[in-house]
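Below: one structure, written as structure tokens.
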């Protein structure tokens, strides 16, 4: 029995589901129950009756799944797959940042660890960050940990001062202005799609800026037949696969061959099999942080429902 069938058999035996982020190696989709952005995956998992969640992603994503499904066992296939951006801020850094700017609400990007979420006022995603910051009805907000997403929000909300922590995504910062300029020369008929974690100079030169899901949705709906994608390689892999499967006749080109998140690519099918077989690498959260961290996420979700 091959590895994919072994994993599927184990899933059935253990009443488990596999969540896969769009930046993962594309072959993992073969065993996945849900593929998409991190918050979407955690929300979908919470709606299932699964006993075990295997999250093919990075550490903070598995934590978010645990926050939304506290009674399920959440496993991370490779415990070394942390998020470099999320790890740029810890509780001490956050405390210093807040003390330097007292009495200002703190918005934390979903790309942060549970301890950080537990000590912030409200969470946001790359797709709703503008709405979340605007909803606070204040003239100043603190934004952690991604300075570039914060600056993107600032550019859209001129009446609010967004004071950003100095974190960033190393993968998105590998995208340079020269890459955009070269893409314009090489692919004159293409639209350039960028993620808001990119530098502002990239966003200014893109045709569309949005979250992973927004980029994929835009590309699917657009009449354009060629796109240069300024985000992680996994998105391009999935768009090209879906184009072939669905006869879109569209071409998706990665802006730069180096736009690969090394930590996202650490999870393998073999890791998933071994983790599910032994039920190892379980995500355990301190009881003291579960309630406030979950509340940070739920405040954001309530905005959408209001």
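The values are calculated or read from the model by the stated rules, or taken from the named source; none is laboratory data. What you see is a predicted model; the values in this text were computed from it and never measured. Methodologically, a virtual Cβ is constructed for each residue, glycine included, from the backbone with ideal geometry; neighbour enumeration extends over all protein chains shown.
Numbers at a glance
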quantity: Residues (touching a helix residue (DSSP H, G or I) at 6+ places or on another chain (Cβ under 8 Å) and closer than 17 Å to residue 169 by Cβ) located in the range 124-149; calculated: 124, 125, 126, 127, 129, 143, 144, 145, 148, 149
quantity: Among the residues listed as 74, 106, 54, 58, the single one being over 18 Å from residue 293 (Cβ atoms) and under 20 Å from the mean Cα position of the chain (by Cα); calculated: 54
quantity: Test: residue 66 is outside any loop (DSSP other than H, G, I, E, B), outside the structural domain of residue 231 (by TED's automatic domain parsing) and either surrounded by 18 or more Cβ atoms within 10 Å (Cβ to Cβ) or in contact with a strand residue (DSSP E or B) (Cβ under 8 Å, 6 or more places away or on another chain) (or both); calculated: yes
quantity: Test for residue 31: is it buried (at least 21 other Cβ atoms within 10 Å of the Cβ) and under 15 Å from residue 83 (Cα atoms); calculated: no
quantity: Pairs with Cβ under 9 Å, 6+ apart, first in the range 1-30 and assigned by TED's automatic domain parsing to the domain that holds residue 72 and over 26 Å from residue 242 (Cβ atoms), second at pLDDT 95 or above and part of a strand (DSSP E or B); calculated: 10/16; 14/52; 15/52
quantity: Among the residues listed as 133, 74, the single one being at pLDDT 95 or above and either under 18 Å from residue 158 (Cα atoms) or assigned to a helix (DSSP H, G or I) (or both); calculated: 133
quantity: Number of the condition not met by residue 43 [criteria: (1) surrounded by fewer than 24 Cβ atoms within 10 Å (Cβ to Cβ); (2) within 22 Å of residue 265 (Cα to Cα)]; calculated: (2)
